[in-house]
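Engineer: Take this structure first; my questions come after.
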Amino acid sequence: LPIAYKFKFIGAPFLDKYAPPLLAALLGRRRGWIVLSQIAIIASLIGVAFGDPAHFIWWTICFSLALGFAGATQDVTIDGWRIVAAPAHKQSMMTAFMEAGYRVGTRAAGAAALIIADKYGWRVAYLCMAALISIGAVAAFLAPEPESDLHVTHEHPGFVATVIAPIKELVTRLGPWAVPVLLLIAGFRMPGYLTSAMAMPLFKHLNISGVDIATVTKLFGFWIAIAGTFFATYVVRRLGLMTTLLVGTIAGSASHLSLAWLAAEGRGDYIAFAMAVSVEGFAYAFAQVVLITYMSELASTELAASQYALLTSLCALPGSFLAGASGFIVERVGFEHFFIGTSLIGIPVALLAWF
């Protein structure tokens, strides 16, 4: 299912160029796709709920695949609407609320769904998640539609031309800045992906209990991340986007030193564990909001969904591929040196941000 999100830039250009069936006249292009994708998510969740993987696994597989692609479509269209609907000086605030909603949603689909499933079964849990999607559908009906999305384009080039057009427009517009900007985006979250892959193995290596891990990372860490999210919005408005982007690259990478310190000194120390996770979580949330705001401003109005999806895929793919080698590196150098190394990766990224 994550593949649908990593490669959503391939389908995103068609959401920019084509109007959704039936809903375009009522809601406009972007809100129409949002509501249509949410209807598909609800149908997929209901399909999974009434499946029986023990006896008919293909039913569950098909609806799970549909859920993944519908969810990726929803992400693309919401991002496109957010970028076009809000002026540049409000993008950081829009991003903060989007990230806060994402974090609340992951808790609802994680802890809350597990609690419901334990009491009433998985079918009820999936049906409750489907019901929650209706909140977003109502919000999409009430949200304003950007003027640019009310005019349906009738230019529908071929598959290759549709996919290439957003890339060509972005690179042409950036000109000589294209290479450093794209390298910055590709490397920005790379230390974070590597660190995330080895954080849980580190906690287990330090004999931290599952209850303590859940309490600090899921409960306490949730509020730390929310604080980092909205603090980033404040800093962007006070210092400007590019200065905050530089701060985010340095803070996001340097925060991994807290995990290196935990690996060296924190065995059995609950306070040290909570402090290290808090520092890393706050910095991650801060850097994430700044990066999303930066990528949002790079996207053009007409191709907002396409170009933002392209940039997020560029941001995710390198780190995702390299994260697979994290375990082999830790086995050779140990946790402490591994996290020091992920921090050092941030140096060339910070230099790019400064440049």
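The values are calculated or read from the model by the stated rules, or taken from the named source; none is laboratory data. None of these values were measured; they are calculated from a predicted model. We place every Cβ from the backbone using ideal geometry, glycine too, and count neighbours over all the protein chains shown. Heads up: the accessible areas ignore ligands, DNA and RNA and are worked out on the full protein's heavy atoms, side chains in. Shrake-Rupley method; radii C 1.70, N 1.55, O 1.52, S 1.80 Å.
Engineer: Does SER44 satisfy being free of Cβ contacts under 8 Å to residues at least 40 places away in the same chain, among the polar types (S, T, N, Q), over 30 Å from ILE224 (Cβ atoms) and in a helix (DSSP H, G or I)?
Structural biologist: Spelling it out, SER44 is indeed free of Cβ contacts under 8 Å to residues at least 40 places away in the same chain, among the polar types (S, T, N, Q), over 30 Å from ILE224 (Cβ atoms) and in a helix (DSSP H, G or I).
Engineer: So, one more: Restricting the search to segment 202-252, which residues are at pLDDT below 90 and open to solvent by 40 Å² or more (accessible area, probe 1.4 Å)?
Structural biologist: If the condition is that a residue be at pLDDT below 90 and open to solvent by 40 Å² or more (accessible area, probe 1.4 Å), then LYS204, HIS205, ASN207, SER209, GLY210, VAL211, ASP212, ALA214, THR215, LYS218, LEU219, PHE220 are the ones that fit.
Engineer: Take the residues of segment 318-333 that are surrounded by 15 or more Cβ atoms within 10 Å (Cβ to Cβ) and in contact (Cβ under 8 Å) with a residue 40 or more places away in the chain: which is nearest to TYR284 (Cα to Cα)?
Structural biologist: Taking the candidates together, the pick is GLY319.
Engineer: Given the residues VAL76, VAL35, which is the only one that is open to solvent by less than 30 Å² (accessible area, probe 1.4 Å) and more than 17 Å from the chain's Cα centre (by Cα)?
Structural biologist: VAL35
Engineer: Follow-up. So for segment 279-287 (the condition being closer than 27 Å to MET200 by Cβ and in contact with an Asp or Glu (Cβ under 6 Å, 6 or more places away or on another chain)), does at least one residue qualify?
Structural biologist: no
To keep it simple, each residue is scored yes or no on (1) farther than 14 Å from ALA304 by Cα; (2) over 15 Å from the mean Cα position of the chain (by Cα); (3) not small (Gly, Ala, Ser).
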| site | (1), (2), (3) |
| --- | --- |
| PRO21 | yes, yes, yes |
| ARG29 | no, yes, yes |
| ILE42 | yes, yes, yes |
| PRO53 | yes, yes, yes |
| TRP58 | yes, yes, yes |
| ARG82 | no, no, yes |
| GLY110 | yes, yes, no |
| LEU114 | yes, yes, yes |
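Engineer: Can you name every residue in segment 111-124 that is part of a helix (DSSP H, G or I), free of Cβ contacts under 8 Å to residues at least 24 places away in the same chain and among the small types (Gly, Ala, Ser)?
Structural biologist: Result: ALA112, ALA113, ALA117.
Engineer: Quick check on segment 11-25. Is at least one of its residues of a type in the set (Phe, Trp, Tyr), closer than 30 Å to ALA165 by Cβ, in a loop (DSSP other than H, G, I, E, B) and open to solvent by 20 Å² or more (accessible area, probe 1.4 Å)?
Structural biologist: yes
Engineer: Output the residues belonging to segment 258-274 that are open to solvent by less than 100 Å² (accessible area, probe 1.4 Å) and under 19 Å from PHE220 (Cβ atoms).
Structural biologist: SER258, LEU259, LEU262, GLY266, GLY268, ASP269, TYR270, ALA272, PHE273, ALA274
Engineer: Scan segment 287-309 residue by residue and report those that are of a type outside the set (Ser, Thr, Tyr), more than 13 Å from the chain's Cα centre (by Cα) and open to solvent by less than 40 Å² (accessible area, probe 1.4 Å).
Structural biologist: If the condition is that a residue be of a type outside the set (Ser, Thr, Tyr), more than 13 Å from the chain's Cα centre (by Cα) and open to solvent by less than 40 Å² (accessible area, probe 1.4 Å), then LEU298, ALA299, LEU303, ALA304, ALA305, GLN307 are the ones that fit.
Engineer: Given (1) farther than 17 Å from THR312 by Cβ; (2) buried (at least 16 other Cβ atoms within 10 Å of the Cβ); (3) at pLDDT below 90, identify the lone condition not met by TRP81.
Structural biologist: Among (1) farther than 17 Å from THR312 by Cβ; (2) buried (at least 16 other Cβ atoms within 10 Å of the Cβ); (3) at pLDDT below 90, TRP81 violates only (1).
For (1) part of a helix (DSSP H, G or I); (2) in contact with a His (Cβ under 6 Å, 6 or more places away or on another chain); (3) under 30 Å from PRO166 (Cβ atoms), each residue gets a yes or a no:
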| site | (1), (2), (3) |
| --- | --- |
| ALA186 | yes, no, yes |
| THR195 | yes, yes, no |
| VAL216 | yes, no, no |
| THR229 | yes, no, yes |
| TYR234 | yes, no, no |
| ILE250 | yes, no, no |
| SER253 | yes, no, yes |
| LEU257 | yes, no, no |
| MET275 | yes, no, no |
